Amino acid sequence: MKPRNLKTKIFLDSGDPEETKEVIKLLRFLDGQTTNPTLISKNPAAKVRLDKGDKFTKEEILGFYKEVVKEISNLIPQGSISIEVYSDKNTNSEEMLEQGREMFSWIPGAHIKFPATKEGLKAANQAVKEGMRVNMTLCFSQEQAAAVYTATNNSKQKSLKGFKNVFVSPFIGRLDDKGENGMDLIENIIRMYQKGDGHVEVLTASVRTLDHFLYAIKLGSNIITSPFKIIKEWAEKGMPMPDESFEYKASGLKPIPYQEIDLNKPWQEYNVKHELTDIGIEKFSEDWNKLIK
């Protein structure tokens, strides 16, 4: 059962409903799930079809994604399920919005994932006005998180029970890969958001180790999304909670210093350009395109 003092919500990062079932068996709870084009491309049913050389049409892959999401939603009926729009470097905000409107209608608990780019933020700014819930993904900087805050502070949607309408997803593992301490970014965003109105929840993503997972709980991340193997490791160790003596060892990783950022500026004034966001968009779009005829 859920540890009594666990305030952080636990999500599975997966495009496979079988993993969802396994996690629910292991933990006896699951608060939500995040999906993306890469995870959908790894779905066993999609892999079987692709291994036969049978790719999807655009309509078929969207239909497949919808069915996967609906199955996950049925397994976590009170949870939040993040569904990601397709975008590459040329996708504009209107194209993202059109997809987002369709995807938001798929299930009751959807949060629509837009990238933390200029076009993604523009889409999110309009989406929340229309009553959509959003998850701003591929966030790698405090300025991107500040832009998410100000772009979405006009949210009109009635909140899903237990969740805010807006999530921001900093990707810690990919910063670690680059030699930077990704957990510093989580700490910095949480600290910065303490000056705000609380309408954005911090969702720690790209979790690679149990130490990432435990430190995110200790820092007070609102949500953690984690791959199956990390959740399984946590469950098998008895769902330990980090106590006061828990130390996160960022050996060899360069610290990311805290920036004093004004949360009252128009979102367009923040520098949201980041190399890792561009790389992430390219990777997601490549994986998606591999599925399509």
Compute the relative contact order of the stretch 9-117 as a whole-number percentage, counting only Cα pairs closer than 8 Å that sit 6 or more residues apart in sequence.
-> 26 percent
All Cα pairs of the stretch 1-98, percent lying beyond 15 Å | 65 percent
Positive end of the charge dipole of the stretch 9-289 (Lys, Arg +1 and Asp, Glu -1 on Cβ, about the Cα centre): tell me which of Gly63, Leu39, Val207 has its Cα farthest that way.
-> Gly63
Percentage relative contact order, the stretch 147-220, counting C-alpha pairs under 8 Å, at least six apart | 36 percent
Restricting to lysines and to Cα separations under 21 Å from Lys249, and discarding same-chain partners fewer than 8 apart, the set is Lys178, Lys218, Lys229, Lys237
Hey, what did the chain get for relative contact order, percent, Cα under 8 Å, at least 6 apart?
-> 23 percent
Calculated FRET efficiency, Asp197 and Arg49, Cβ-Cβ r, R0 51 Å, to nearest 0.05?
-> 0.65
In nm, give the distance between the simple-model label positions of Lys290 and Lys66, each being 7 Å from the Cα along the Cα-to-Cβ direction.
-> 2.6 nm
In the stretch 179-246, which trypsin sites (Lys or Arg not before Pro) are in a loop and have at most 10 other Cβ atoms within 10 Å, using DSSP for the loop call?
-> Lys237
Add +1 for every Lys or Arg and -1 for every Asp or Glu among the other residues with Cβ under 14 Å from the Cβ of Arg4, and state the total.
-> +2
May I ask for the distance between the Cα centers of the stretch 148-194 and the stretch 249-267, given as a whole number of Å?
-> 12 Å
Along the charge dipole of the stretch 9-289, Cβ charges K/R +1 and D/E -1, which of Ile72, Ser93, Phe228 sits furthest on the positive end?
-> Ile72
In the chain, which helices (entire DSSP H runs) extend 20 Å or more along their own long axis, judged by Cα positions, while averaging at least -1.0 on the Kyte-Doolittle scale?
-> 58-75, 275-289
Here are some pairs, Lys122/Lys265; Lys89/Lys129; Lys129/Lys195; Lys52/Lys290; Lys164/Lys265; which of them have Cα atoms lying more than 19 Å apart in this structure?
-> Lys89/Lys129; Lys129/Lys195; Lys164/Lys265
Translational D in µm²/s for the chain (Stokes-Einstein at 25 °C, 0.890 mPa s, Kirkwood Rh from C-alpha pairs) = 128 µm²/s
Kirkwood Rh, Cα Rg: Rg to Rh for the stretch 38-156?
-> 1.00
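Computed from the coordinates by the stated procedures, all read-outs in this text should not be read as laboratory data. The structure displayed is predicted, hence computed values, not measured ones. As a convention, Cβ positions derive from the backbone with ideal geometry for all residues, glycine included, and neighbour counts pool all protein chains shown.
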